[in-house]
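Presented below is the structure to which this report refers.
Derivation of every value follows stated rules applied to the coordinates shown; laboratory data play no part. Quick caveat: nothing in here was measured; it's all calculated off a predicted structure. Cβ sites come from the backbone with ideal geometry, for glycine too, and all protein chains shown count toward neighbours.
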Amino acid sequence: MDKINEAREILKFIGMPKAQQSDLCCYVLLAMAGIKPDMRWNQATNEWIRIHDIIQFVNMYYGSTYAENSRETFRKQALHRFRTAALAEDNGKATNSPNYRYRLTNEAVSMLTAYQSVRWKEASLQYMNYHDKLVDIYASKKKMTMMPVRINGSDFKFSLGKHNELQKAIIEEFAPRFAPHSECLYVGDTIEKDLVKNVEKLMQLGFEITLHDKMPDVVLYREDKNWLYFIESVTSVGPMDPKRILEINEMTKDVSAGKIFVTAFLDFKTYKKFSEELAWETEIWIAEMPEHMIHLNGNKFLGPREIV
């Protein structure tokens, strides 16, 4: 039996759904275990690995031709399901971080190293008998690495990472100061893309609901002023530059509410990095100086100020 079918037999045995017994999922299991065609399963390991590394591994050793733009397919069809089944875990970094990694759980690799040996029946039954508990354990571990955040009076959790750390600051620090009594109509998470999405309210306002990747990171609505705040949480990419303003305006061409465009940064150093890209008539908020804002608004605020 070749390695692909061996991997499929393992996935079937531990109860993975039919869709997760596909060749792609078999390749992922082999790559995560570091098993090449001429290796035995007792050589399986569980080193931390990126999706890029998985693609490179299966292309090099199994003659596949997956492209880099297929990473999302690997993530959704295999890795997310492996993680839910406690077959794999991630390192808790933001998914857009270059340091984000997956690996097989220690319990899974212990089972794999017993495959095709006299220990297989005992090891596999032990894994399956313990499986439901494993799922609970790894789900709890995942929850422990989440950041609690209160949105619209309800409790949510963000996955870890600088991007979500900044989004949490936007909701808990920016909004009370500069958008008091506002409602969060949209915010995504690096894993759960539409964590909060009030489709009904957005449509009432005339918002054209589009794919997540067109949405600003955070959308707030202040009803007493009839103002919408479009906020980009910037740690590495995506400030409110002229192109982004045009995209949002196109998406909200039927919205009559006042539009406020904000770029949020964790610190002044990151702001300086993007300062030349920012569009005029926008606002800048920096989390390490939460009580202040920078206005790129031409003559709107021109005039003498009283020095206190």
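Data table
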{"read-out": "Helix 23-33 vs. the chain, principal-axis angle (Cα, 0 to 90°, nearest 10)", "value": "80 degrees"}
{"read-out": "Net length gained if the chain between I4 and E208 were fully extended (0.36 nm per residue, minus Cα distance)", "value": "69.0 nm"}
{"read-out": "Helix-only CD estimate at 222 nm, as mean residue ellipticity for the chain, using -39500 (n - 2.57) per DSSP H run (n ≥ 4)", "value": "-10000 deg cm²/dmol"}
{"read-out": "Stokes-Einstein diffusion coefficient of the chain, Kirkwood radius over Cα pairs, 25 °C, 0.890 mPa s, in µm²/s", "value": "111 µm²/s"}
{"read-out": "Nearest 10 degrees, 0 to 90: helix 242-251 Cα axis against the chain principal axis", "value": "90 degrees"}
{"read-out": "Computed lengthening from E200 to K273, 0.36 nm per intervening residue step minus Cα-Cα distance", "value": "22.6 nm"}
{"read-out": "With Cα atoms, 0 to 90° folded angle of helix 3-13 axis to the chain main axis", "value": "80 degrees"}
{"read-out": "Amide proton proximity set for I151, modelled H, under 5 Å, gap of 5+", "value": "F156"}
{"read-out": "Förster-model FRET efficiency, 22 Å R0, R177 and E247, C-beta, rounded to 0.05", "value": "0.25"}
{"read-out": "Ranked packing of 249-255, 101-107, most packed first, by mean Cβ within 10 Å", "value": "101-107, 249-255"}
{"read-out": "Span per principal axis, largest first, for the Cα atoms of region 149-301 (Å)", "value": "37, 35, 28"}
{"read-out": "Distant-in-sequence amide H partners of A88 (H built 1.01 Å from N, under 5 Å)", "value": "R83, T105"}
{"read-out": "Lys/Arg +1, Asp/Glu -1 at C-beta; the chain dipole; positive extreme among I171, I284, G92", "value": "G92"}
{"read-out": "Per residue Cα convex hull volume in Å³ - calculated over region 3-144", "value": "97 Å³"}
